[in-house]
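Participant: Please see the structure below; I have some questions.
The values are calculated or read from the model by the stated rules, or taken from the named source; none is laboratory data. Because the structure is predicted, anything quoted here is derived from the model rather than measured. As a convention, Cβ positions derive from the backbone with ideal geometry for all residues, glycine included, and neighbour counts pool all protein chains shown. Ligands, DNA and RNA are excluded from the accessible area calculation, which covers all protein heavy atoms including side chains. Shrake-Rupley method; radii C 1.70, N 1.55, O 1.52, S 1.80 Å.
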Amino acid sequence: MSRRAALASLVAAMAAGCGKVAFMAANVPAAFGAYRRHPNIAYGGGPQHRLDVYVPKTIPVKPPPLVVFWHGGRWSFGDKSDYRFVGAALTELGCVAVLPNYRHYPEVKMPGFMDDAARAALWASAHGGEFGADAHRMYLMGHSAGAHLAALVTLDPRYFAAAGQSAPPIAGVIGLSGPYDFLPLREPDVQDMFGPPQRYPESQPINFVRSDAPPMLLIHGLKDDTVWPKNSRNLATALRACGAPATLKLYPKLLHADTVAALSLPARGRAPTLADIASFVRQGGDNQAALAAAGAAIS
């Protein structure tokens with residue numbers, strides 16, 4: 001099999017959510033990265049309330065950004081252990097990465113998995129400093145259903161409020177192939193997990209855009225027929241219309257899983273996902289430094 005065909009098979013298997021071999025191919029090189037992994041830390045009382053923390057072996061003098069990444073899987077499957085390559089890639093950028101699990105449908109419906117997203121983000125904000133990260137530079141990130149979690153928990157304040165806390169500082173959101181504007185709901189299981197019908201609008205991140213939303217990086221493949229690219233286009237347009245910063249990156253000829261698969265070493269050349277994330281996070285740090293300098297000058 002050619003390298004190109006092998007990469008296509010890896011991506012297709014990951015997209016199908018049934019490719020343990022594909023995840024192994026992505027994760028084997030990641031096991032030798034320059035990071036320390038702290039697995040299965042509890043952020044809640046249930047068996048799915050566990051997360052892994054990835055820390056660069058060399059922490060710079062200035063505390064690095066903190067990135068929380070939620071896996072995809074149609075809100076009904078997936079596991080953080082399959083995405084070790086994501087944690088490794090983020091530590092390459094000098095970030096501390098937190099990869100949580102969350103409860104899936106049919107164990108819970110919405111807002112169950114959204115409550116878990118809020119809990120995990122609050123845990124990361126409270127404990128990121130223990131791993132050397134700057135909790136005030138926390139980015140929420142996800143692929144597919146995980147991107148939905150990251151965007152909705154950021155835009156709709158009810159989930160942090162339900163956890164009994166104020167929203168933590170969020171420096172930005174990074175969404176890979178995310179569903180943000182996906183009404184009408186046609187599949188029976190999706191109708192059930194987001195139902196009853198009068199609550200469907202509450203599942204849509206686009207319905208909660210606001211001018212004070214943190215910057216968002218929305219990445220999508222133009223050949224994605226699992227989550228249509230219009231989701232990222234529409235959310236970026238809505239954010240910009242209300243004055244919130246949004247960066248839209250559309251990758252030609254790429255499928256649903258390509259955007260996250262490109263974070264793995266075997267498929268790194270397939271899309272510029274890692275470079276675009278690096279630029280987005282670096283820009284956030286530059287903006288923070290500029291704001292701090294401006295505040296010092298005023299004082």
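Participant: Using a cut-off of 11 Å between beta-carbons, work out the net charge of the residues near V209 (Lys and Arg +1, Asp and Glu -1, V209 not included). Don't skip to the end; give the middle numbers.
Facilitator: Numbers: positive: R210, R240; negative: D156, D181, D212.
The answer is -1.
Participant: Where the accessible area of the chain is counted over protein heavy atoms with a 1.4 Å probe, how much of it, in %, is carbon and sulfur?
Facilitator: 58 percent
Participant: Within the chain, which DSSP H helices have Cα atoms that stretch 30 Å or more along the helix axis and a mean Kyte-Doolittle hydropathy of at least 0.0?
Facilitator: Details: long enough: 273-298 (38 Å, 0.58).
TM-like helix candidates: 273-298.
Participant: Show the residues, 5+ positions off or on another chain, whose built amide H is closer than 5 Å to the amide H of A246.
Facilitator: Long-range HN contacts for A246: M216.
Participant: Would you work out if the range 138-231 is rounded, prolate or oblate? Take a ≥ b ≥ c from the square roots of the eigenvalues of the alpha-carbon gyration tensor; rounded if a/c is under 1.5, else prolate when a/b is larger than b/c, oblate otherwise.
Facilitator: Working: a/c = 2.11, a/b = 1.18, b/c = 1.79.
The shape class here is oblate.
Participant: Got the relative contact order for the chain handy, in percent, Cα pairs under 8 Å and 6 or more residues apart? Provide the component values of the computation, followed by the final result.
Facilitator: Working: 588 pairs, mean separation 47.9, N = 299.
Relative contact order comes out at 16 percent.
Participant: Residue separation times 0.36 nm, minus the C-alpha to C-alpha distance between L222 and E107: what's the value?
Facilitator: On the way: separation 115, 0.36 × 115 = 41.40 nm, distance 3.26 nm.
My answer for the length gained is 38.1 nm.
Participant: Between F77 and Q165, what length in nm is gained on full extension when 0.36 nm per residue of separation is reduced by their alpha carbon distance? Intermediate results must be reported in sequence, preceding the final value.
Facilitator: Numbers: separation 88, 0.36 × 88 = 31.68 nm, distance 2.81 nm.
The span from F77 to Q165 would gain 28.9 nm if fully extended.
Participant: Suppose R0 equals 35 Å. What FRET efficiency, 1/(1 + (r/R0)^6) with r the Cβ-Cβ distance, do V61 and K230 give to the nearest 0.05? Don't jump to the answer; show the numbers that get you there.
Facilitator: Details: r = 44 Å, r/R0 = 1.25.
Plugging the Cβ-Cβ distance into 1/(1 + (r/R0)^6) gives 0.20.
Participant: Right, next: When the helices in the chain are scored as -39500 (n - 2.57) per DSSP H run of 4 or longer and the sum is shared across all residues, what 222 nm value do you end up with, to the nearest 500 deg cm²/dmol?
Facilitator: Details: 10 runs with 115 residues, N = 299.
Theoretical 222 nm ellipticity from helices: -12000 deg cm²/dmol.
Participant: Pull up all non-local amide H partners of R50: gap of 5 or more, or a different chain, and H-to-H distance under 5 Å with H placed in the peptide plane.
Facilitator: Correct list: Y43, N101.
Participant: Could you tell me whether the chain comes out rounded, prolate or oblate from its Cα gyration tensor? Rule is a ≥ b ≥ c as square roots of the eigenvalues, rounded for a/c under 1.5, then prolate if a/b exceeds b/c, otherwise oblate.
Facilitator: Details: a/c = 1.28, a/b = 1.06, b/c = 1.21.
It comes out rounded by the Cα gyration axes.
Participant: Using a cut-off of 18 Å between alpha-carbon atoms, which lysines can reach K249, once sequence neighbours fewer than 8 places away in the same chain are excluded?
Facilitator: By straight Cα distance, K249 reaches K223, K230.
Participant: What accessible surface, in Å², does a 1.4 Å probe find on K249, ignoring ligands, DNA and RNA and rounding to the nearest 10?
Facilitator: 80 Å²
Participant: Oh, and also: Any idea of the accessible area per residue across the chain, 1.4 Å probe, to the nearest Å²?
Facilitator: For the chain, the per-residue accessible area is 42 Å².
Participant: Please compute, for the alpha-carbon atoms of the range 60-174, the extent along each of the three principal axes and give them in descending order in Å.
Facilitator: 44, 31, 20
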